[in-house]
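Here the structure comes first, spelled out in structure tokens, and everything after it is commentary.
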Amino acid sequence: YLILSRPMGEAYAEVTQRWIGLGMATLPVLLLVFIASWWVAKSISHPLKALRDSALKIADGALDTRVAVISNDEVGELANTLNYMATQLEEFIKTQRSFVSNAAHELRTPLMMLKLRAEALQDATLPDEERTAYLHEIGQEVEHMAKLVSALLTLARLDEGKHPSAKSATIQDTLSLLHDVARHWRIEAGNKQVTLTTDLPDTMPPLPLSGDDLRIILDNLLENAVKYTANGSICLMAGVLPHQVIIQVSDT
């Protein structure tokens, strides 16, 4: 028999030394990985926390809240989207408040007139002539309120950008429309002893808008002119320029 042997201590020592060297080499790498992971997590969580806080503020009614965009990555895109949403929401709320304000302002006067006429009609001693006149005035005020509501709804749709587009609408006979509007308001002006005249050309080109929209504009201007001209005259004028039509209402 031939028996060869060698102590294992040297082999164990070499293996231990290699493990120690591997551990010493791996520890800095693990430390760097930990630091990088912590930095990445913080860089992501901080903007997300800011987005969450801003969203909660907007939900509480602070619609002027905006998120600072500090990157062009997905988080930055999310911040831009949140800011856009806040802007659109703020504009929507302003539109609603404006609509309510306009409605309250415009409806206050006819509602007061209706209240006064209704109170007068409760008087049993009221002559039949005055009773008939008051009932006629109530009917006029109701019709006026219906027109106001229609105009306010149009205004609201305009503010929201939902009014039907005028791209497909055209006024073919512009001159007839202006004469028709002037004819109506000439009667209203005559009831207040105010003269309404027109200064219109012989021909006018078609206009790329809705006839109802133009009537709303002219009715608004002429109604104010008749309402606030105690004595004097009102003139509806129109002029044709190259690529342009000017329509003007003036009063004394």
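The values are calculated or read from the model by the stated rules, or taken from the named source; none is laboratory data. Not measured: the values here are computed from a predicted model. So basically every Cβ, Gly included, is an ideal-geometry build from the backbone, and we count neighbours across all protein chains shown. What goes into the accessible areas is simple: the full protein's heavy atoms, side chains included, and nothing from ligands, DNA or RNA. Shrake-Rupley method; radii C 1.70, N 1.55, O 1.52, S 1.80 Å.
Suppose all protein chains stay in the model; what accessible area per residue would a 1.4 Å probe give for the range 38-90, in Å²?
Details: 3820 Å² over 53 residues.
It amounts to 72 Å² per residue over the range 38-90.
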Using only helices, what value at 222 nm comes out for the chain when you add -39,500 (n - 2.57) per DSSP H run of length 4 or more and divide by the total residues, to the nearest 500 deg cm²/dmol?
-24500 deg cm²/dmol
Test item: Cα-centred dipole of the chain, Lys/Arg +1 and Asp/Glu -1 on Cβ, debye:
1180
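Taking 0.36 nm per residue of sequence separation and subtracting the Cα-Cα distance, how much length would be gained by fully extending the chain between K42 and L241, in nm to one decimal?
Numbers: separation 199, 0.36 × 199 = 71.64 nm, distance 6.43 nm.
Length gained between K42 and L241: 65.2 nm.
Taking the Cα centre of the range 119-247 as the origin, how large is its charge dipole in debye, to the nearest 20, when only Lys and Arg (+1) and Asp and Glu (-1) carry charge on their Cβ atoms? Please report the intermediate quantities before stating the final value.
On the way: 10 positive and 19 negative charges, 119 e Å.
Rounded to the nearest 20 debye, it is 560 debye.
If you add up the charges near Y84, with Lys and Arg at +1 and Asp and Glu at -1, over every other residue whose beta carbon is less than 13 angstrom from its beta carbon, what do you get? The partial results should precede the final answer.
Values: positive: R66; negative: E77, E90, E91.
Residues near Y84 contribute -2 overall.
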In units of 2.2 N^0.38 Å, the Cα radius of gyration of the range 78-140 is 2.10
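Sort E10, E188 by accessible area with a 1.4 Å probe, largest first.
E10, E188
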If you compute mean projected area of the Cα convex hull in nm² for the structure shown, which of [x] 33.1; [y] 15.2; [z] 13.0 do you land on?
[x]
Nitroxide proxy distance, nm - points 7 Å out along Cα→Cβ at M24 and L158:
8.3
Using 1/(1 + (r/R0)^6) with R0 = 35 angstrom and r between the beta carbons of A146 and K57, what's the FRET efficiency to the nearest 0.05?
0.25
Could you tell me the center-to-center distance, by alpha carbons, between the range 186-213 and the range 1-50 in angstrom?
91
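Order these peptides, 213-222, 238-247, by their mean beta-carbon neighbour count within 10 angstrom, highest first.
Working: 213-222: 16.9, 238-247: 11.0.
The most tightly packed comes first, giving 213-222, 238-247.
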At 0.36 nm per residue, and after removing the present C-alpha to C-alpha distance, how many nm does the segment from L78 to A169 gain when stretched out fully?
28.8 nm
For the range 49-177, what log10 I(q)/I(0) values come out of the Debye formula at q = 0.14 1/Å, with one point per alpha carbon and no solvent?
-0.84
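Considering only the chain, what is the antiparallel percent among its DSSP beta bridges, to the nearest 5? Mind dumping the intermediate values first?
Values: 9 of 14 bridges.
Expressed as a percentage, antiparallel bridges in the chain total about 65.
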Within the set of other residues whose C-beta is less than 9 Å from the C-beta of T229, count the net charge using Lys and Arg as +1 and Asp and Glu as -1.
+1
